[in-house]
Amino acid sequence: MKKNNSGGFALVILMFLMVLAVTVITAAVSLMILGSASSTLLISGDSAKSIADSCIENAIIRLIRNPAYSGESLDINEGNCQITVTGLTDKTVSAQANYGNKKKRVEVNLNLNNNIISLISWKDVP
């Protein structure tokens, strides 16, 4: 009489498929975690850039109202920024924003003549 060993063969295949499934699931979860971390860093950078741009816009409005404005510190949402203004008629307005562990700096060159502002350049500073 012959013995049928197909039960052991089926168990080996089942174990192989289980190891394969666990490996695929672990890889998928790892990729989701890495993607989430990357998204968080991207959002923090975008938020810091938005805060810096907002601070520049605030400084331009204040310069229109008061040409002697020289800058200030502002808290916006969960971030903050430091605004500095230099120059007499040709002014450089700089804003450094911090949001979480991200920092962004924006610099604007403008001309202020008789309470009329002419924007010369607006750039991100590395």
**Item:** Hits in the stretch 47-104 (condition: assigned to a strand (DSSP E or B), in contact with a strand residue (DSSP E or B) (Cβ under 8 Å, 6 or more places away or on another chain), free of Cβ contacts under 8 Å to residues at least 40 places away in the same chain and among the charged types (D, E, K, R))
**Value:** Glu72, Asp90, Lys91
**Condition check for Ala21: of a type in the set (Gly, Ala, Ser), at pLDDT 90 or above and touching a strand residue (DSSP E or B) at 6+ places or on another chain (Cβ under 7 Å)** = no
**Request:** Working only within the stretch 84-106, note down all residues that are in contact with a helix residue (DSSP H, G or I) (Cβ under 8 Å, 6 or more places away or on another chain) and on the phi > 0 side of the Ramachandran plot.
**Result:** Gly100
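The values are calculated or read from the model by the stated rules, or taken from the named source; none is laboratory data. For clarity, every value in this text was computed on a predicted model and none was experimentally measured. Every residue, glycine as well, gets a Cβ built from its backbone with ideal geometry; the counts of neighbours run over all protein chains shown.
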